[in-house]
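A.B. asks: Right, I'll just put the structure down here and ask away after.
The values are calculated or read from the model by the stated rules, or taken from the named source; none is laboratory data. Note that the structure is a prediction, hence the values are computed from the model and not measured. Every residue, glycine among them, receives a Cβ derived from its backbone with ideal geometry; neighbour counts consider all protein chains shown. Note: areas computed on protein heavy atoms with side chains; ligands, DNA, RNA excluded. Shrake-Rupley method; radii C 1.70, N 1.55, O 1.52, S 1.80 Å.
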Amino acid sequence: MDDYSLITSLVTGFGLALPFGYVAEKFFRAPALVGYILAGLAASVLPGLPPVNSKMIEQLAEIGVMLLMFGVGLNFSVHDLVRVKGVAIPGAPTQMVIAASLAACVAMGFWHWDFGAAVLFGFSIAGASTVVVTKALELRKLTNEMNGQATLGWLVMEDLVSVILLVCLPPFAAAVHGDQTVSLLGVLFDIVKTLAWAAVFVSLMMVVGRKLLPLMLREVARTGSRELFTLAVLGAAIVIAYGAGAIFDVSFALGAFLAGMVMQESRFAHRAAQESLPLQDAFSVLFFVSVGLMLDWHVFLEKPLEIFLVVLIIMIGKMTFSTTIVVLLRWPLDTALTIGSSIGQIGEFSYILAGQGIALKLVDASIMSVIVAASIMTIALNPLLFLAAPHIRQFLVSHFKWARRAAMRQPPFSQLPADTPREMLDGQVIVIGASEVARELFETMKKEGRRTIVICNPSDPLEELRADGFGVIVGDPTDPMVLAQAHLTRAGVLVMPGADVVEAERVLTVVRQLNKDLPVVVLLKTIDEAGDFDPADKNVFLLCEPLIASISLAAVTVEQLVKREEDEAESESRMMSVRDILDAEYRRSVESVRSGGLKAPVENADAQEVQSAAAKVAGEAMATARSRLKKKLSPGEAARALGERFADWLKKSIPQKSKGKDEKPQD
């Protein structure tokens, strides 16, 4: 079965991940990823299972990291990164240095490790797993909140610092081993070169990628092939991630993240996220299975004290350091606790740094078992930090003034400005979300001068909405405090133009607790979703996208048919009117000739010849008028054209002809 190692690895990996994940979620109320890790451990110890190629699983797990970070980038714009730079750029590197210093001191003081091994160990546990944090934020629906955005920005900075550490490891190992050729100047040069390559990659993605990737998606989407579109999305994620590592010495995760962030500018970003989501979930499962495969369970018996101390440093130490740093940077206490809870674990970069250290002979292979064991413990216990965060907040606020001041701070756009006019908060329209569907609604509200408050995500165009005169609140619309910020009790109507049916139901439940009679307009994806709402609530107005599209299509079709019929009738009526005017003018002109309306010389002319000439000229005048009518002349202008032509004939043609025929020669 060696030729089928990929198949057998997937069979064992997925086959064990499902029951272990289900048991963890269903019976132990733990995240499914804990079960996935235990599935990897079981695959390495249980006999009789199809063989697992751990190297192949690790590569598949790396693809999972790429796709997961690509999906995160699709929901994380450049504006989001800039918005949280004040906490992420100074905070993440500082926290990593402090945590690494503490861990190195413990390693040298308690375990008597040498300096090189202690430093490597310290930085190996200083970072956090991007995959674990992303999953934790998604599970708690924090990804699109300001606290979640600050956490993701923090992780981006940790990834950049980890890349720099990988560059510094070879010269650091050479210096530890006594190599005299290593110089500080050379190390600084390598760091600057790495940062320069990273800057080049980011610049290319921001300048060139922002134009090429959306253009590529648009052209592929025009083919109408779903397979090609999915291939374009996955190809962009994996190829750019690989290119980031192979060419620019940037991590795969960071490259995929930037690819998703650039593609977020495309109007096909939502579709791209939907197409890649199943593969993201499948391959991220293999990442956690690969973590379990790396564990040697004997380490729990051989080094329990070391594992316990490492877990304390990762969970308690890192949370304490990061929370303190965020508060000192004058961000809210809730943001500090969210970041602290999120980074209280270690993951993929820890294994990479440790593996590099083993290859450079800074440490022996036993450190990998300790790090993997600590990783599994911290990933499994990380949900406890999120559960403890509200209790920690309450304790801090109750005992410390600085915590009370920090708790009073609010993230940007988390509430309306203090100078918001009172008129804005009476009879206002509250809109949940700023999706594409709501754009026309915003335009109408702006033209009509209607007071409007938008509850949206950090990735929405916050500054643009506020510049248009709308009130903007970033937060979870299912949170009663967020709705209270929008003054729901005094609102005129609440509109949900883009929420899924589950979120819409949750929002409506909270709304009815605060305002029983508020009119609520909900846009649904399908007609069947209407059955999830209470038909007895007469103040809920449900609209269905397919039904609206069908009615709009029928209305436009009928409108065009009626317009065509009206245009044809109007054109026929117009032509009849012009024809009547021209015929009347013709008859008047001929009648004038017949009735002797001309001077005496005409009377002596041949009546038949005059009549024929008049009819000919009138016919030419009518033809000229009709040709001018094609140039959008009015009927009156066409009639005047006929009159001018006929008058010109009377003035020039008939008198000259009469004179030449009847004038007597002088004696």
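A.B. asks: What accessible area per residue comes out for the stretch 322-462, rounded to a whole number of Å², with a 1.4 Å probe?
C.D. replies: Values: 6560 Å² over 141 residues.
Solvent-accessible surface per residue comes out at 47 Å².
A.B. asks: List the pairs from Lys446/Lys525; Lys135/Lys318; Lys85/Lys318; Lys193/Lys361; Lys141/Lys525; Lys211/Lys446 whose alpha-carbon separation is above 23 Å, in the order I gave them.
C.D. replies: Working: Lys446/Lys525 26 Å; Lys135/Lys318 19 Å; Lys85/Lys318 20 Å; Lys193/Lys361 25 Å; Lys141/Lys525 21 Å; Lys211/Lys446 31 Å.
Too far apart for the 23 Å limit: Lys446/Lys525; Lys193/Lys361; Lys211/Lys446.
A.B. asks: Here is a follow-up. Report the calculated FRET efficiency for Ser398 and Ala569 (r = Cβ-Cβ distance, R0 = 56 Å), to the nearest 0.05. Please report the intermediate quantities before stating the final value.
C.D. replies: On the way: r = 81 Å, r/R0 = 1.44.
Result of the calculation: an efficiency of 0.10.
A.B. asks: If you don't mind, there's one more thing I want to ask. For the stretch 1-50, what is the accessible area per residue in Å², given a 1.4 Å probe and the full set of protein chains? Write down the numbers at each step before the final one.
C.D. replies: Working: 3070 Å² over 50 residues.
With the other protein chains kept in place, the stretch 1-50 gives 61 Å² per residue.
A.B. asks: Please list the non-local residues whose amide H lies under 5 Å from the amide H of Val454, H modeled 1.01 Å from N, same-chain partners needing a gap of 5 or more.
C.D. replies: Here Val431, Gly471, Val472, Ile473 satisfy the definition.
A.B. asks: Another question about this same structure. Where does the charge balance sit around Asp281 when Lys and Arg score +1, Asp and Glu -1, over other residues with C-beta under 15 Å from its C-beta?
C.D. replies: Values: positive: Lys135; negative: Glu25, Glu138, Glu275.
My count for the surroundings of Asp281 gives -2.
A.B. asks: Mind ranking Asp479, Asp537 by accessible surface for me, highest first, 1.4 Å probe?
C.D. replies: Largest to smallest exposure gives the sequence Asp479, Asp537.
A.B. asks: Check Ser129: other-chain or 5+ apart residues with amide H under 5 Å from its amide H, H built from backbone geometry?
C.D. replies: Gln345, Ile346, Gly347
A.B. asks: Leaving out ligands, DNA and RNA, what percent of the accessible area of the stretch 1-104 is carbon and sulfur, probe 1.4 Å? Provide the component values of the computation, followed by the final result.
C.D. replies: Working: 3380 of 4990 Å².
Looking at the stretch 1-104 in its full context, I get 68 percent from C and S.
A.B. asks: ³J(HN,Hα) across the stretch 221-238 via Karplus (A = 6.51, B = -1.76, C = 1.60, θ = phi - 60°), whole Hz, x for Gly/Pro?
C.D. replies: Each residue's phi maps through the Karplus curve to give 4, 5, 6, x, 8, 5, 5, 5, 5, 4, 4, 5, 5, 5, x, 4, 4, 6 Hz.
A.B. asks: Give me the Å³ per residue figure for the convex hull around the C-alpha atoms of the stretch 288-385. Write down the numbers at each step before the final one.
C.D. replies: Numbers: hull volume 10.3 nm³, N = 98.
In the stretch 288-385, the Cα hull volume divided by residue count equals 106 Å³.
A.B. asks: Which listed residue (Val437, Pro458, Ala486) has the Cα farthest towards the positive end of the charge dipole for the stretch 400-514, taking +1 on Lys and Arg C-beta and -1 on Asp and Glu C-beta about the Cα centre?
C.D. replies: Toward the positive end, the furthest listed residue is Ala486.
A.B. asks: Might you tell me the accessible area per residue for the stretch 192-298, computed with a 1.4 Å probe and given in Å²?
C.D. replies: Working: 5000 Å² over 107 residues.
For the stretch 192-298, the solvent-accessible area averages 47 Å² per residue.
A.B. asks: Considering only protein heavy atoms and a 1.4 Å probe, what is the carbon-and-sulfur percentage of the accessible area of the stretch 229-349? Please report the intermediate quantities before stating the final value.
C.D. replies: Details: 3010 of 4370 Å².
Of the solvent-accessible surface of the stretch 229-349, carbon and sulfur hold 69 percent.
A.B. asks: Could you derive backbone 3J(HN,Hα) for the stretch 379-388 from the dihedral phi with the Karplus parameters 6.51, -1.76 and 1.60 (θ = phi - 60°), listing whole Hz in sequence and x where the residue is Gly or Pro?
C.D. replies: 5, 5, 8, 4, x, 5, 5, 5, 5, 7
A.B. asks: Can you tally the net charge around Leu165? Count Lys and Arg as +1, Asp and Glu as -1, for every other residue whose Cβ sits under 12 Å from the Cβ of Leu165.
C.D. replies: Details: positive: none; negative: Glu158, Asp159, Asp190.
Its environment carries a net charge of -3.
A.B. asks: May I ask for the distance between the Cα centers of the stretch 194-210 and the stretch 301-338, given as a whole number of Å?
C.D. replies: With the stretch 194-210 and the stretch 301-338 each reduced to a Cα centre, they are spaced 33 Å.
A.B. asks: Out of the total accessible area of the stretch 524-570 (probe 1.4 Å, heavy atoms of protein only), what percent is carbon and sulfur? Before the final figure, lay out the partial values.
C.D. replies: On the way: 2240 of 3660 Å².
Exposed carbon and sulfur together represent 61 percent of the surface.
A.B. asks: Here's another thing I want to ask about it. Charges at C-beta only: +1 for Lys and Arg, -1 for Asp and Glu. How large is the resulting dipole of the stretch 1-108 about its Cα centre, in Debye rounded to 20?
C.D. replies: The dipole magnitude comes to about 440 debye.
A.B. asks: With every protein chain left in place, what is the accessible area of His177 in Å² (1.4 Å probe, nearest 10)?
C.D. replies: 110 Å²
A.B. asks: On to the next question. Per residue of the stretch 90-99, what does 6.51 cos²θ - 1.76 cosθ + 1.60 with θ = phi - 60° give for ³J(HN,Hα)? Whole Hz please, x for Gly and Pro, Karplus curve as stated.
C.D. replies: Here the 3J(HN,Hα) series is x, x, 4, x, 4, 4, 5, 5, 5, 5 Hz.
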